[in-house]
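Here the structure is laid out as structure tokens; the discussion comes afterwards.
FYI, it's all coordinate maths here, none of it is from the lab. From a predicted model like this one, the values you see are computed outputs, not experimental measurements. Positions of Cβ are backbone-derived with ideal geometry, glycine not excepted, and every protein chain shown enters the neighbour counts.
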Amino acid sequence: MLTSPLCPGRTCLEENSGVAFHVRSREVDKGRALARLCQLMGLDLKEVVAIGDSEVDAQMISIAGIGVVLAHAPPEVKALATYVTKEAYAKGFIEAVRLFVLEDG
């Protein structure tokens, strides 16, 4: 945890994924954002596919109807998944979209 100009007056969480450095407020996560978006759009979370690969995606993966985690993700994130892709990075994303989103998947 750290104090950052990106979230003044708050304690922030940080994660270095090796690809990106994430700084966020404790009060904000992708799961809460997804739930709010679904509420605003009148969607059921059970009908949502969430795709992620890092700790910052954990809440989103956990609350979605289908939580997809890419093959290169850490084990603790994979443990939350409904499905773990065989492929990593962009190929894993494409695999997930073909399997869960496109009709011909």
Next item on the list: Restrict the check to the range 93-101 and report whether at least one residue is within 20 Å of G18 (Cα to Cα), surrounded by 13 or more Cβ atoms within 10 Å (Cβ to Cβ) and out of contact with any Cys (no Cβ under 7 Å at 6 or more places or on another chain).
Entry: yes
Margin query: Take the residues in the range 64-79 that are surrounded by fewer than 20 Cβ atoms within 10 Å (Cβ to Cβ) and hydrophobic (A, V, I, L, M, F, W, C); name whichever of them is nearest to V97 (Cα to Cα).
Written below: I66
Check: Which pairs have Cβ atoms under 7 Å, sit 6 or more apart or on different chains, and link a residue in the range 79-101 that is within 17 Å of L45 (Cα to Cα) and touching a residue at least 12 places away in the same chain (Cβ under 8 Å) to one that is among the hydroxyl-bearing types (S, T, Y) and outside any strand (DSSP E or B)?
Finding: L80/S62
